[in-house]
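Read-outs throughout are calculated quantities, based only on the coordinates presented, and are distinct from any laboratory measurement. Please read these numbers as outputs of a predicted model, since none were measured by experiment. Glycine also receives a Cβ, built like all others from the backbone with ideal geometry; neighbour counts cover every protein chain displayed.
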Amino acid sequence: DSGEELSRIDIVKKAIIDSSTKSIVDELNNNFNVQLYQFSTDAVSVKELSLKAQGALTDISKALSTAINDWKGQQISGVVLITDGNYNAGEDPIRYVQKVGIPIYTVGVGQTKAMRDIQITRVEANPIAYVDHTFPIKVAINSGGYDGKEVMVTVTSGTDLGKNSSLKDSSLLKLDSKNGEQFVELKIKPKQEGILKLNVSITSMPDELTIENNKYAFFARVINTKIKVMYIEGNPRWESTFLNRALQRDPNIELSYSVATKQGGFYPQSSLKTFPNRNELFSNDILILGDISPSFFKNDQLSAIKDFVENRGGSLIFLAGRNSFGDGGFGESTIKDMLPIEIGQGGARLLSSPFNPILTQQGISHPSTRLSDDPAENNAIWRDLPSLNRFYTGIGTRSGATVLAGHQQEKGKPLIAFQRYGKGITYMIATDDLWKWAFVVYSQGGDDSYYRKFWSGTIRWLSFVRTKADQVNVEPSKQTYTKDEKAIIKAYIYDENYDPIDNAQIKAQVQTPVGTSRDIKFVFEENGRYSAEFTPTIDGNHKVGVEAEYNGRSIGKSFAEFIVQTATLEYQSTQLNEALLKQIADISGGVYHNINNIFELPKSLKEAKESIVSTKEKSIWDNAWLLGFIVALLTTEWLLRKKKGLV
């Protein structure tokens with residue numbers, strides 16, 4: 001009841017803030033140098049805490065990282081984390097605490113009993129759909145208090161989308177909260193090309209906590225046909241086996257796979273009998289060249305490959321190998337300028353030692369290398385993928401190319417890079433070991449989803465670029481943002497030869513759902529790429545328009561849309577995530593306490609300190625013990641919940 005709700009707030013205030021009694025902070029100061037932090041998306045050091053609601057996002061990992069890094073080099077005895085354990089931004093806290101090596105003492109706040117509520121937790125769908133092809137949509141749903149009841153889950157399109165208007169599918173779901181998330185599969189079939197806005201919704205139930213989390217909106221781009229990919233490999237190898245399998249399994253890709261023979265032909269099982277003529281080659285969207293020597297191709301065939309990219313607007317992927325990147329490889333061929341890298345005389349050298357790819361700033365949020373929409377989570381996934389063992393070094397980045405990932409030890413050496421080439425794109429991977437992401441994970445009981453996601457994302461992005469071969473392009477870094485989340489918007493500017501323009505004049509505006517407009521400023525980054533930031537404050541569709549000029553003449557215009565919708569924690573999760581907090585404490589070597597038992601916390605910390613001191617030489621502890629005290633109760637995960645009766 002309300003009396004209990006207020007008493008919980010009072011317990012926290014008295015334990016941490018109220019100076020009229022001997023608070024937890026006062027007691028901890030007897031043994032530790034206590035530093036206070038408050039956080040939502042990040043931790044901020046404060047002298048005293050105040051209950052002030054702010055922020056729609058909570059990033060536990062970043063808050064912990066900021067507080068710990070503030071005291072790098074000093075002896076940190078632990079961190080006290082007071083939160084309900086729910087987060088909607090950043091890296092998985094479990095993944096973070098596994099590598100940080102500092103005890104985290106968690107204090108749980110909130111109700112352990114699920115509230116009566118139904119919520120869409122996420123929607124999984126490809127960013128690309130195809131005309132007259134089924135477009136699957138997977139909806140994840142959490143519920144509490146309505147077991148056995150049935151609800152209708154529906155997806156609909158907008159009403160002003162021409163032939164794509166009023167697309168709809170529904171499915172009846174019997175709610176069952178005992179096994180966590182439930183999933184519903186929906187399907188639609190788009191009728192024409194263009195941008196498609198889709199709305200997913202669940203029918204509301206009586207006495208539901210909130211209906212704000214019963215809906216979710218997103219965009220998909222509809223194109224006319226499947227992506228046609230031609231893959232020519234020089235010899236059977238692990239890389240080609242796994243890549244061929246991944247592309248074959250993608251329902252949105254039409255694959256032609258062929259393995260060349262030393263005699264200049266193709267093996268009988270290949271899709272090709274001879275190298276395609278110009279028209280056949282130009283009917284593809286993407287050409288992949290595996291570990292094949294350029295000597296396999298005749299001069300007119302290499303010329304056709306160049307025209308395919310430069311004039312047709314197709315994409316070409318170079319895969320590293322002894323024949324393709326070694327002595328006599330493409331780095332010494334008549335199409336060497338198509339490579340986004342420069343290969344030294346004698347070819348690239350194979351370096352065989354374990355390494356993990358490191359994403360560049362561009363790679364963290366690029367569609368090709370985006371394995372998670374959250375940048376921090378994406379970075380962590382790449383860091384934790386199985387190590388690679390083969391890297392072709394002795395290469396440099398060509399002027400104008402963009403590097404998405406590099407080698408962990410070989411600083412400045414590109415692992416994944418691309419460049420604009422005429423109307424198209426050329427793309428390069430300097431390892432033939434990516435297949436391990438599928439094999440190693442699968443052999444350990446997982447699946448190859450990250451391997452397939454990398455390749456499907458890369459293929460879709462390259463296909464998307466082909467359909468937008470304009471001189472001016474504007475793209476949000478993602479299609480859906482939360483209110484008050486910083487939206488990153490990229491613009492790409494090219495001249496009539498599709499060479500990047502580095503000093504364009506850009507005028508840009510964002511139009512909000514209520515009809516107001518706001519100017520935004522683009523800042524040049526590199527290679528014709530510009531970036532702007534915009535923080536939305538209103539839910540709904542936003543449209544960004546860009547107009548570019550160069551040397552006093554117009555280059556062109558481009559428009560894009562993104563959606564802003566409420567995703568605050570009080571809508572996404574309505575109870576204490578005690579399991580997560582206990583896991584954080586257990587993995588890190590800390591202790592979990594419920595807020596009602598917070599007064600046992602000093603004893604836990606004192607016992608831990610005495611245990612450590614007894615096993616160490618005294619000189620190590622000459623500096624004062626530092627205790628980070630990170631409190632999340634001033635964000636929406638507390639006061640806004642209090643207003644809704646959630647704590």
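Both radii were evaluated on the Cα set of the stretch 227-467; the Rg over Rh quotient, with Rh as the Kirkwood radius, amounts to 0.93. Quick one: net charge of ILE395's neighbours, Cβ under 15 Å, K/R +1, D/E -1? Neighbour charge sum, excluding ILE395 itself: +1.
Taking every alpha-carbon pair under 8 Å whose residues sit at least 6 apart, the stretch 117-222 reaches a relative contact order of 35 percent. Within the shell of other residues whose beta carbon sits under 12 angstrom from the beta carbon of THR431, the net charge comes to -2, with Lys and Arg scored +1 and Asp and Glu -1.
Projecting label points 7 angstrom from Cα along Cα→Cβ for SER531 and ARG249 puts them 3.3 nm apart. Projecting label points 7 angstrom from Cα along Cα→Cβ for LYS582 and VAL440 puts them 3.3 nm apart.
Less than 5 angstrom separates the built amide H of THR203 from those of MET152, all sequence-distant by 5 or more or on a different chain. Rounded to the nearest 5, the antiparallel percentage of DSSP beta bridges internal to the stretch 472-565 is 90%.
List the pairs from LYS189/LYS483; LYS336/LYS411; LYS187/LYS490; LYS197/LYS228; LYS336/LYS436 whose alpha-carbon separation is above 27 Å, in the order I gave them. Those over the limit are LYS189/LYS483; LYS187/LYS490; LYS336/LYS436. For the pair PHE559 and ASN594, a Förster radius of 51 Å applied to the C-beta separation gives a FRET efficiency near 0.50, rounded to the nearest 0.05. Charge tally around TRP238: other residues with Cβ under 15 Å, Lys/Arg +1 each, Asp/Glu -1 each, net -1. Highest-first packing order for the peptide set 524-534, 173-183 is 524-534, 173-183, based on the mean count of other beta carbon atoms within 10 Å.
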